[in-house]
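Trainee: Pasting in a structure now, in structure tokens, and then I'll have a few things to ask.
The values are calculated or read from the model by the stated rules, or taken from the named source; none is laboratory data. The structure displayed is predicted, hence computed values, not measured ones. Don't worry about glycine lacking a Cβ; one is built from the backbone with ideal geometry, like all the others, and counts go over all protein chains shown. Heavy atoms of the whole protein, side chains included, go into the accessibility calculation; ligands, DNA and RNA do not. Shrake-Rupley method; radii C 1.70, N 1.55, O 1.52, S 1.80 Å.
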Amino acid sequence: MVKFSLSEDTFNLDHTLMSGQVFRWRKIDDSWIGIVDEEVLRIRMGSMLEIDGSDNKYSNKVSHYFRLDDDYGNVISSISKDKHVTMAIRKLIGLRLIRQDPWECTISYICATNSNISSISRMIENLSRRYGEELEFEGTTYYTFPVVK
């Protein structure tokens, strides 16, 4: 298990993963399970961000993926220029932009045309099941996002 010391004022896992940026994360009890690159991860935000995975090499992946290296305070102050943005920031404090794989992001965007988050998630999951590689994590089967060959 890897832990990051973060406050909910600078990182909110629910806001980030439910924002419509990514579609392959599922909330199970108080954890989120998803795939970053070719790694199934279980992530939970308590007093710290806790990450479990099937490999111990995921600390840098998670930091990069969730942009934990960005200075959240500087980002917020640079975009908080009008009352509408300021209201959105207050409502969704801790939301971070994701550094998703560009190929997966592109296909997700294509699937998003005239659709909603639920149907986009199903399309992305079906593509992964059909063309991705199978991964086992805690007795459950997951699939990587298919790669371009």
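Trainee: So S80 passes all but one of these: (1) in contact (Cβ under 8 Å) with a residue 12 or more places away in the chain; (2) surrounded by 11 or more Cβ atoms within 10 Å (Cβ to Cβ); (3) more than 23 Å from Y131 (Cα to Cα). Which condition number does it fail?
Mentor: (1)
Trainee: Still on this structure, please answer the following. Test V148 against the stated conditions and say whether it is farther than 15 Å from Q21 by Cα, out of contact with any strand residue (DSSP E or B) (no Cβ under 9 Å at 6 or more places or on another chain) and part of a helix (DSSP H, G or I).
Mentor: Here the answer is no, as V148 does not meet what is asked.
Trainee: Determine which member of the set R96, R42 is open to solvent by less than 50 Å² (accessible area, probe 1.4 Å) and within 13 Å of the chain's Cα centre (by Cα).
Mentor: When all the criteria are applied, what remains is R96.
Trainee: If you don't mind, there's one more thing I want to ask. With the condition kept exactly as written, say whether any residue in segment 54-74 is open to solvent by 40 Å² or more (accessible area, probe 1.4 Å), in contact with a Ser or Thr (Cβ under 9 Å, 6 or more places away or on another chain) and assigned to a helix (DSSP H, G or I).
Mentor: Taking every residue of segment 54-74 in turn, at least one turns out to be open to solvent by 40 Å² or more (accessible area, probe 1.4 Å), in contact with a Ser or Thr (Cβ under 9 Å, 6 or more places away or on another chain) and assigned to a helix (DSSP H, G or I).
Trainee: Moving to a separate point now. Which of the residues spanning segment 124-149 are more than 22 Å from R42 (Cβ to Cβ) and open to solvent by 70 Å² or more (accessible area, probe 1.4 Å)?
Mentor: N126, R130, Y131, V147, V148, K149
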